[in-house]
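**Student:** Here it is, the structure in full.
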Amino acid sequence: MTFYCDKLRHMVCVPYSIENLHVMAQKLGIKRHWFHVDHYDMPKLRVEELKEQCVVVHPFVILNIIKGKMKRHSVTITIEKLEATIYIEAKELKVISHERIIADNVVIDLPGNITHTSTNNTQEIVPLTEPVISIDRASKSYAIFNNGVELVRAFRPYTDEQEAVDEAMAWCAQRTAKKPRLVYPNVTKMKASS
């Protein structure tokens, strides 16, 4: 079980359920009177102590955990004979062809053939612990990765690079206090060797 809190002193846990909230409170020594319908409040005198045991996120993330809107999708692709799995957090994911998916109305072209997809409905949201913003100047698009490998925001086109960086930074700031790392990949397309 993972604990989450925000700057407004709200606390939830994943997997999310009212029963799990009470288990979380018991583990953390929080009394029942701090419970409010769908979350716990952190006692004012224990905020710093409790933050150390939680993933600190934006209130938007707490709300999405409570509402169960975010789902974790996995897409397995094959590039030549190698198989890779990409994890995408989105409300909805559709497979359009062997190389194209749509995540929350954003088209993503993948560098291989899709061989498998699945959706985890346990409302598990992976915390944005080490955000990386990838700015692809050749295709004029950007994406946000967690820990450098897990796609959490699909490739989005841009016209002005600085506006794209600002937009991506703002998106990350809503979800984590950690400053994202900017990367500029040299390789924009993968081609099979002949």
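Read-outs: derived from the displayed coordinates by stated rules, not from any lab. None of the values given here were measured: they were computed from a predicted structure. Glycine gets a Cβ as well: all are built from the backbone with ideal geometry, and neighbour counts include every protein chain shown.
**Student:** Please give, to one decimal in nm, the separation of the simple spin-label points placed at residue 160 and residue 34, each 7 Å out from Cα toward the Cβ.
**Tutor:** It is 4.4 nm.
**Student:** Per-residue counts of other Cβ atoms within 10 Å, averaged by peptide: what ranking do you get for 43-50, 20-27, highest first?
**Tutor:** 20-27, 43-50
**Student:** What does the extension gain come out to for residue 100 and residue 169, with contour length at 0.36 nm per residue minus their alpha carbon separation?
**Tutor:** 22.2 nm
**Student:** 5 Å is the cut-off here: which amide hydrogens, built 1.01 Å from N in the peptide plane, fall below it relative to residue 153, excluding neighbours closer than 5 in sequence?
**Tutor:** Result for residue 153 returns 144.
**Student:** Let me ask something else about it. For an R0 of 25 angstrom, estimate the FRET efficiency from the Cβ-Cβ distance between residue 85 and residue 130 and round to the nearest 0.05.
**Tutor:** Using R0 = 25 Å, I get an efficiency of 0.85.
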